[in-house]
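One structure is given below, encoded as structure tokens.
Where a number appears in this text, it was derived from the coordinates with a stated rule and is not lab data. None of these values were measured; they are calculated from a predicted model. As a convention, Cβ positions derive from the backbone with ideal geometry for all residues, glycine included, and neighbour counts pool all protein chains shown.
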Amino acid sequence: MEEYFAPGRYVRYERSTTFVQAERSGCALVQVNQTKVQIAQGTRLVNATTKNGITTVSEVPLRPAHQSTAQETKQAGAVMAQLAPVWGGGWAPGTLSKVGEKTVGGEACDLMSSSASTVGIAMDLCVWRGIKTFLTPLGPKEIVLFSETRASPGTQPTTVTDPIVLNTAEILHWTEQAREFHINESFADAIFTPPQPTK
């Protein structure tokens with residue numbers, strides 16, 4: 001996964017390769033290369049999926065980002081500290097708390113931990129200490145350099161649907177860690193340009 005933050009703009013790229021059984025053959029596998037792009041800028045949110053060269057694009061309007069006061073930013077940060085950044089919700093208030101500090105990719109971050117949630121998920125997050133939240137058209141977002149997700153003790157794996165890309169997954173146990181992290185790095189505006197749908 002790649003994430004890019006710039007004032008008033010945010011984009012996330014997810015790339016994957018999977019193998020699925022061929023439709024007309026009992027033992028042949030077909031490779032599926034997929035790229036998902038989520039772009040939020042201005043008053044629009046664009047979701048695009050390219051699967052083996054075929055691209056579909058959908059767009060929904062966003063309300064203009066509110067220019068937060070310092071107090072609102074602080075309150076938003078407190079709320080976001082209770083939300084899983086990938087799933088965008090489901091955490092019971094007060095269950096996520098700072099348990100220490102950690103260095104990921106040479107950057108200091110606050111280690112946040114939750115042992116329970118409203119959807120039976122426990123998570124440890126390393127939130128970058130440079131900026132607690134970054135204002136995007138989707139609202140304030142934490143910059144998370146490491147996450148570990150697992151079923152809470154004593155609960156069965158839970159099925160969760162991503163509210164943005166509407167993917168459904170069964171939560172078992174996985175980790176994500178930043179391999180590279182660049183601050184004030186310039187990049188081309190094309191990063192925020194959605195791909196064209198396949199006709």
Checklist line | Karplus-derived HN-Hα couplings along region 37-43 (A = 6.51, B = -1.76, C = 1.60, θ = phi - 60°), whole Hz, x at Gly and Pro | finding: 10, 10, 10, 10, 7, x, 10
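Determine, for Arg24, Arg129, the number of other Cβ atoms within 10 Å of each Cβ, and report the residues in order from fewest to most. Walk me through the numbers on the way to the answer.
On the way: Arg24 6, Arg129 14.
The most exposed by this proxy come first: Arg24, Arg129.
Using a Förster distance of 22 angstrom, determine the FRET efficiency expected from the C-beta separation of Glu2 and Arg24, and round it to 0.05.
Numbers: r = 36 Å, r/R0 = 1.62.
Between Glu2 and Arg24 the formula returns 0.05.
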